[in-house]
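See structure below.
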Amino acid sequence: MIPNLDQLLAFVTVIDLGSFTAAADKVGLTQPAVSLQVKLLEQRLGVRLIERVGRRALPSPAGSDLLVHARRILEECGAAADAMTPHREGSAGRVRIGSGGTASIHLLPRAIASARTRMPGLEITVRIGNTEEVLRDLEANALDLAVVTLPASGRSLEIEPFYEDELLAVAPKDSEIPEGGPDAAFLKDKVLMLYEGGNTRAATDGWFADAGVRIQPAMEFGSVEAIKELVAAGLGWSLLPALALKQDRAGFLITSPVRPRLVRQLGIVLRRDKHLTKGLREVMKCLREFSG
């Protein structure tokens with residue numbers, strides 16, 4: 001039979017103080033209540049645990065053996081209760097975020113740093129993937145929050161647009177860019193290196209299609225950072241999120257808005273039934289603060 005924690009506490013306290021009366025005062029019970037707890041523990045284990053020597057309560061041989069384990073059990077239970085205190089008070093917790101590569105590099109670090117400053121005990125993990133993968137994990141509750149390029153859909157999901165990210169023409173540093181920015185007709189004659197797949201690419205293709213231009217990129221990559229390096233090396237032009245161009249490779253790139261303006265929306269996505277812990281609310285608040 002598994003001992004009861006209250007009974008173990010009564011037993012240990014009696015041994016420590018050598019008295020049922022003193023133990024009752026310490027644990028806030030009556031002396032008969034403490035005696036009953038010890039008696040029930042003895043019945044549960046089928047052994048005598050305490051012997052009286054004069055006016056003092058001492059452990060029996062079985063009680064001495066139990067005492068070692070009882071102290072360890074009570075110590076571990078106390079540590080477990082202490083570990084729950086930050087969660088109860090909202091000063092700790094865990095938030096699992098899923099995101100695409102660009103947001104994970106250029107947006108999330110600032111928001112995470114802000115959230116950790118406000119909640120130092122908050123554990124935040126980031127999983128990088130495409131929108132489809134991230135939303136699948138979110139619906140499976142393997143993630144708490146997603147930051148993805150919209151549109152996104154899912155009957156169980158709640159979607160909040162929060163960041164408008166302009167797509168800019170990106171060229172090697174000595175390139176000439178038309179006044180007011182290049183349009184689709186200008187760019188179609190350039191060696192283009194575009195992001196492969198996803199909603200960002202869909203927005204780019206749609207922008208060209210709206211101008212009646214059909215493009216065939218010279219190269220396609222799944223990494224915005226790789227495209228930046230290739231453009232900086234003079235191998236071609238691209239259309240990339242402004243979010244990824246906050247630092248322009250130390251002057252090796254030039255950027256410009258395009259005509260007409262091309263933007264993508266990033267959204268915060270979570271399950272409709274998701275419990276909003278303090279940590280999750282804090283991360284969402286920090287993301288909104290970095291919008292625009």
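What to note about this one:
- Within the range 191-220, the set of residues being part of a strand (DSSP E or B) and surrounded by fewer than 17 Cβ atoms within 10 Å (Cβ to Cβ) comprises MET219, GLU220.
- Test: residue in the range 247-258 that is assigned to a loop (DSSP other than H, G, I, E, B) and modelled with pLDDT of 90 or more: yes
- Residue check for VAL147: more than 30 Å from LEU41 (Cβ to Cβ), open to solvent by less than 80 Å² (accessible area, probe 1.4 Å) and modelled with pLDDT of 95 or more: yes
- Evaluation of ALA233 against (1) over 24 Å from the mean Cα position of the chain (by Cα); (2) open to solvent by less than 70 Å² (accessible area, probe 1.4 Å); (3) of a type in the set (A, V, I, L, M, F, W, C) (one fails), failing number: (2)
- Tally, over the range 1-33, of residues that are acidic (Asp, Glu) and open to solvent by less than 80 Å² (accessible area, probe 1.4 Å): 1
- Residues of the range 119-140 that are under 20 Å from GLU282 (Cβ atoms) and open to solvent by less than 70 Å² (accessible area, probe 1.4 Å): MET119, GLY121, LEU122, ILE124, THR125, VAL126, LEU138.
- Unmet requirement for ARG94, which otherwise passes all of (1) open to solvent by 80 Å² or more (accessible area, probe 1.4 Å); (2) in contact (Cβ under 8 Å) with a residue 60 or more places away in the chain; (3) part of a helix (DSSP H, G or I): (3)
- With respect to being in a helix (DSSP H, G or I), in contact with a Cys (Cβ under 7 Å, 6 or more places away or on another chain) and more than 27 Å from GLN37 (Cβ to Cβ), ALA103 falls outside the description.
- Pairs with Cβ under 6 Å, 6+ apart, first in the range 29-46 and assigned to a loop (DSSP other than H, G, I, E, B), second not hydroxyl-bearing (Ser, Thr, Tyr): THR30/ALA24
- Filtered residues of the range 55-91 (kept if in contact with a strand residue (DSSP E or B) (Cβ under 8 Å, 6 or more places away or on another chain), assigned to a helix (DSSP H, G or I) and free of Cβ contacts under 8 Å to residues at least 40 places away in the same chain): PRO86, HIS87
- Filtering ALA202, ALA211, ALA184 for residues that are in contact with a Phe, Trp or Tyr (Cβ under 6 Å, 6 or more places away or on another chain), farther than 30 Å from HIS275 by Cα and of a type in the set (A, V, I, L, M, F, W, C) leaves a single hit, ALA184.
- Qualifying residue in the range 65-79 (condition: buried (at least 19 other Cβ atoms within 10 Å of the Cβ) and of a type outside the set (Phe, Trp, Tyr)): yes
- Total residues in the range 277-292, condition open to solvent by 10 Å² or more (accessible area, probe 1.4 Å) and either part of a helix (DSSP H, G or I) or modelled with pLDDT of 90 or more (or both): 7
- Of the set (1) open to solvent by 10 Å² or more (accessible area, probe 1.4 Å); (2) in contact (Cβ under 8 Å) with a residue 40 or more places away in the chain; (3) among the charged types (D, E, K, R), all apply to LYS188 but (2).
- Residue among GLU123, GLU166, GLU139 that is within 30 Å of SER256 (Cβ to Cβ) and acidic (Asp, Glu): GLU166
The values are calculated or read from the model by the stated rules, or taken from the named source; none is laboratory data. Because the structure is a prediction, the values reported are computed rather than measured. Quick reminder, even Gly has a Cβ in these numbers, built from the backbone with ideal geometry, and neighbours come from all protein chains shown. Heads up: the accessible areas ignore ligands, DNA and RNA and are worked out on the full protein's heavy atoms, side chains in. Shrake-Rupley method; radii C 1.70, N 1.55, O 1.52, S 1.80 Å.
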